[in-house]
Amino acid sequence: MIKKGNAYLILCMSLIFNIHSNFHAAYSQSAMTNLSARHCVNLNGKWQVIIDPTGTGNWRQVWLEKKPEKKTDFYEYSFEESPVLNVPGDFNTQKPELTYYEGTVWYKKIFDCHSIKNKRLFLHFGAVNYVADVYLNGNRIGSHEGGFTPFQFEITNAVKEGEDSIVVMVNNQRKKDGIPGLGYDWFNYGGITRDVNVVETDNSFIEDYFIQLKKHSLNEVLGWIKISGNILAQKVSVIIPELGVDYKTKSNKEGMAEINFHSTFKLWSPDNPKLYKVILQSETDTVVENIGFRSIETQGTKIVLNDKPLFLKGINIHEENPLRAARAFSESDALVLLTWAKELGCNFVRLAHYPHNEYMVRLAEKMGMMVWDEIPVYQHIEFSAQGVTDKITLMMREMIRRDKNRCGVVIWSISNETYDSTPNRTNALISLSQQCRLLDSTRLITSAICSQGYSNNTFDVWDTLYRHFDVVSINEYLGWYVPWQGNSKEVKWNLVCNDKPIIISEFGGEALYGSNYGPKDEAASWSEEYQEQIYKDQIEMLGTTPNLSGVCPWLLVDYRSLGRLHPIFQNGWNRKGLISERGDKKKAWYILKTYYESIINEY
Ligand code: GCU
């Protein structure tokens with residue numbers, strides 16, 4: 001039963017669902033999370049493909065998979081004789097002719113699962129970059145735009161006896177009104193980049209849930225469970241065997257059940273990343289999740305975890321496994337990256353600049369690393385173009401929907417380095433921050449901004465957008481793009497918000513591993529010593545930074561970016577990593593590691 005008091009909760013719940021239904025009549029449905037708790041037919045593996053650089057596949061209607069019947073028939077396409085690609089995986093690193101490819105690739109997969117009485121079937125994609133048009137047995141079932149969030153389609157009434165055939169038109173061309181837009185500093189990996197599953201549920205099932213501590217509380221859970229299907233009003237319970245919690249309630253005629261109970265939790269923290277087995281039960285469905293409980297908030301200029309002041313020792317990471325020089329998608333990829341971050345002494349990772357795969361977020365949580373989750377509202381965004389703010393809102397909802405039960409996720413970032421000179425930027429981001437807060441008020445909200453002034457060795461952090469966020473996140477590149485104008489220990493700060501915590505969300509410089517200079521020589525740019533000096537100076541400056549609650553250098557490991565053109569020092573790689581693409585640690589790595597060892601958090 002939903003108590004009147006929780007009008008706010010009712011508002012959030014209705015917002016989460018109504019908006020989805022408005023947005024998506026003919027579009028993708030909001031995707032289920034925690035598939036590991038569901039009965040799935042996994043469609044990963046080899047998919048037949050048609051590489052279609054001119055996009056003729058559309059007017060040839062390749063999704064109809066026409067086959068010649070008589071000798072004189074012919075169709076100028078065929079999946080049967082076509083090459084195959086691995087799914088999940090970007091297509092650029094699977095075939096030399098696709099290395100720099102930005103265009104259309106048609107994917108086809110056969111599967112066999114027919115609908116069963118009282119069961120529903122959903123075709124679920126972890127992510128497809130960038131646009132996906134999806135067909136089943138020759139019929140279009142929907143499409144999705146956005147390369148880094150999950151989506152699904154109900155196919156209960158679309159599957160047939162025997163084999164079913166999925167065709168997906170994937171196009172990774174950059175778009176002026178895309179999110180991100182035309183220019184961004186990472187490799188535009190295209191393809192079906194994450195897992196594909198056919199999910200089977202009961203007719204009425206637990207479609208979604210939010211089980212986290214209430215804001216400002218260390219022992220009160222305030223959340224909800226949403227039932228979907230023809231039996232919406234059901235008995236619902238939340239069971240946490242380890243704590244003896246067996247909370248019983250009912251869902252209302254919209255299928256909504258408010259969840260509100262107290263317990264004494266071992267709170268999740270980097271030192272003790274405690275996750276509880278949580279069983280969500282309704283009369284027709286059961287979902288088992290591993291959930292941690294912690295509170296994260298700001299108190300004045302401090303970031304506070306479980307009521308204790310916290311210093312975020314972070315690092316930026318792109319979703320790329322450098323050892324494979326390809327888009328990361330698996331738990332083992334995540335382990336490579338997060339193990340390096342742990343070794344560096346991090347308790348926090350900024351997953352730049354888009355929601356990484358769910359393995360990454362869940363593994364970070366298991367390893368005791370807090371997560372900054374971000375949507376790719378990156379630099380040049382056409383905020384005033386038709387439909388752009390809707391796309392951004394959709395992406396934010398998809399990100400929050402997927403990761404809202406991850407206690408490791410402590411910050412939602414709604415943009416990176418957008419410019420206030422861009423029409424409609426500030427209004428769009430203010431409204432987005434308000435929607436974000438309505439969707440989830442239990443986490444911190446921010447945007448990384450780089451528009452601060454710097455003259456006479458003084459930063460002028462003036463962007464009023466910061467007033468709408470919980471944390472002031474500053475990207476600055478003193479020592480690399482911006483020369484120092486004085487002693488790093490004497491940097492002064494003018495802040496538009498002096499009552500909020502500050503995170504230096506990016507700083508750094510490039511170095512090619514192995515390019516070294518002797519102690520007597522003046523270290524030149526691109527050398528490890530030059531990067532090392534940037535870190536030494538930055539760490540000195542951090543000592544002068546008011547309200548500093550976290551640091552997140554750019555970045556953990558070198559990564560591919562085609563805009564990085566220096567043939568020797570870059571060759572299509574951004575070399576600001578502290579580790580080379582072969583895993584070699586650069587000199588600056590040790591400077592940051594020592595700095596992080598010097599900061600002790602009482603969790
Ligand atoms: C920016 C940006 C990053 C970029 C970095 C760089 O601040 O946010 O995406 O890669 O600077 O220039 O290396």
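Readers should treat all values here as calculations from the given coordinates under stated rules, not as data from a laboratory. Here the structure is a predicted model, which means the values were calculated and not measured. Counting neighbours? That spans all protein chains shown, and the Cβs are built from the backbone with ideal geometry, glycine included.
Just how many % of Cα pairs in segment 273-363 lie over 17 Å apart, if you round to the nearest whole percent?
Value for segment 273-363: 63 percent of Cα pairs lie more than 17 Å apart.
Treating only the Cβ atoms of Lys and Arg (+1) and Asp and Glu (-1) as charged, compute the dipole magnitude of the chain about its Cα centre; round to the nearest 20 debye.
It works out to roughly 1060 debye.
Which one of 484, 281, 267 is farthest out on the positive end of the charge dipole of the chain, using unit charges on Cβ (Lys, Arg +1; Asp, Glu -1) and the Cα centre as origin?
With unit charges placed on the Cβ atoms, the residue in question is 281.
What is the distance in Å between the Cα centroid of segment 95-132 and that of segment 361-421?
Taking the Cα centre of segment 361-421 as reference, the centre of segment 95-132 is 24 Å away.
When the convex hull of the C-alpha atoms of segment 44-88 is computed, what volume per residue in Å³ does it have?
93 Å³
So which lysines pass the test for residue 536, namely a Cα distance under 23 Å, with those fewer than 8 places away in the same chain ruled out?
Candidates past the 8-residue exclusion: 313, 342, 489, 492, 520, 576, 585, 586, 587, 593.
In µm²/s, what is D for segment 331-385 at 20 °C and 1.002 mPa s, where D = kT/(6 pi eta Rh) by Stokes-Einstein and Rh is the Kirkwood radius from Cα pairs?
For these conditions, the coefficient is 177 µm²/s.
Arrange 440, 420, 333 by Cβ neighbour counts within 10 Å, fewest through most, would you?
Fewest to most other Cβ atoms nearby, the residues stand as 420, 440, 333.
Considering amide H positions built from the backbone, and no H for Pro or chain starts, which residues 5 or more places from residue 164, or on another chain, come under 5 Å of its amide H?
HN-HN under 5 Å from residue 164: 111, 112, 113.
Sorted from largest down, give the three principal axis spans of the alpha carbons of segment 326-424, whole angstrom values.
Extents along the principal axes, in whole Å: 43, 27, 25.
With only alpha-carbon pairs counted, each pair once and no self-pairs, how large is the Kirkwood hydrodynamic radius of segment 231-302 in angstroms?
This gives a value of 13.9 Å.
Along segment 587-603, what does the Karplus equation 6.51 cos²θ - 1.76 cosθ + 1.60 (θ = phi - 60°) give for ³J(HN,Hα), rounded to whole Hz, x for Gly and Pro?
Values per residue, Gly and Pro as x: 4, 5, 3, 6, 5, 5, 4, 4, 4, 5, 5, 7, 9, 9, 9, 8, 8 Hz.
Let me know the whole percent of all Cα-Cα pairs from segment 384-531 that are separated by more than 23 Å.
Taking all Cα-Cα pairs of segment 384-531, the fraction more than 23 Å apart is 49 percent.
As I understand it, the dipole of the chain uses +1 on the Cβ of Lys and Arg and -1 on the Cβ of Asp and Glu, about the Cα centre. Which of 77, 392, 377 lies farthest toward its positive end?
About the Cα centre, the residue reaching furthest to the positive side is 392.
Counting other C-beta atoms within 10 Å, which of 399, 370, 256 has the fewest, and how do the rest follow?
Listing 399, 370, 256 from fewest to most nearby Cβ atoms yields 256, 399, 370.
Which whole-Hz ³J(HN,Hα) couplings does segment 36-52 yield from phi under the Karplus relation 6.51 cos²θ - 1.76 cosθ + 1.60, θ = phi - 60°, glycine and proline marked x?
With coefficients 6.51, -1.76 and 1.60, one gets 4, 8, 10, 7, 10, 9, 7, 9, 5, x, 7, 10, 6, 9, 10, 7, 10 Hz.
State log₁₀ I(q)/I(0) for segment 458-603 at q = 0.17 Å⁻¹ as given by the Debye formula over alpha-carbon point scatterers of equal weight, solvent excluded.
The Cα Debye sum returns log10 ratios of -1.00.
I'd like to know how segment 263-303 sits against the 2.2 N^0.38 Å rule of thumb: what's its Cα Rg over that expected value?
Cα-based Rg divided by the globular estimate yields 1.60.
Going Cα to Cα from residue 248, which lysines come in below 23 Å? Please leave out same-chain ones fewer than 8 positions away.
Once the sequence-local lysines are set aside, what remains near residue 248 is 3, 4, 214, 215, 226, 235, 266, 277, 404.
For segment 373-471, what mean projected area does the convex hull of the alpha carbons give, in nm²?
Over every viewing direction, the Cα hull of segment 373-471 projects on average to 6.6 nm².
Taking neighbour Cβ counts within 10 Å as the exposure measure, how do 52, 90, 307 sort from fewest upward?
Final ranking by Cβ density, sparse to dense: 307, 52, 90.
Note down the magnitude of the dipole of segment 361-424 about its Cα centre, charges +1 on Lys and Arg C-beta and -1 on Asp and Glu C-beta and zero elsewhere, to the nearest 20 debye.
The calculated dipole for segment 361-424 is roughly 440 debye.
Report the semi-axes of the equivalent ellipsoid for segment 53-135 in whole Å, largest first, where each axis is √(5λ) for an eigenvalue λ of the Cα gyration tensor.
24, 22, 12
Sorted from largest down, what three extents in whole angstroms do the Cα atoms of segment 528-603 have along their principal axes?
43, 23, 22
Could you compute how fast segment 171-290 diffuses translationally, taking Rh as the Kirkwood radius over C-alpha pairs and applying Stokes-Einstein at 4 °C with viscosity 1.567 mPa s? Give it in µm² per second.
Estimated diffusion coefficient is 75 µm²/s.
Looking at 493, 574, 527, which one has the Cα that reaches farthest to the positive end of the dipole of segment 487-586 (charges on Cβ: Lys, Arg +1; Asp, Glu -1)?
Positive-most Cα among the choices belongs to 574.
How much net charge surrounds residue 586 when only other residues with a Cβ under 12 Å from its Cβ are counted (Lys, Arg +1; Asp, Glu -1)?
Summing Lys and Arg as +1 and Asp and Glu as -1 gives -1.
Per-residue HN-Hα couplings for segment 526-543, Karplus 6.51 cos²θ - 1.76 cosθ + 1.60 at θ = phi - 60°, whole Hz, x for Gly and Pro?
Result, rounded to whole Hz: 6, 8, 4, 5, 5, 5, 4, 5, 4, 5, 4, 5, 4, 5, 5, 5, 4, x.
Check residue 92: other-chain or 5+ apart residues with amide H under 5 Å from its amide H, H built from backbone geometry?
Under 5 Å from the amide H of residue 92 lie the amide H atoms of 190, each far enough along the sequence or on another chain.
Counting Lys and Arg as +1 and Asp and Glu as -1, each charge on the Cβ, what is the dipole of segment 496-572 about the Cα centre in debye, to the nearest 20?
240 debye
Considering only the other residues whose Cβ falls under 12 Å of the Cβ of residue 562, what net charge follows from Lys and Arg at +1 and Asp and Glu at -1?
Counting the neighbours of residue 562, the net charge comes to +1.
Quick one: Kirkwood hydrodynamic radius for the chain, alpha-carbon pairs, angstrom, one decimal?
After inverting the pairwise mean of 1/r, the radius is 25.3 Å.
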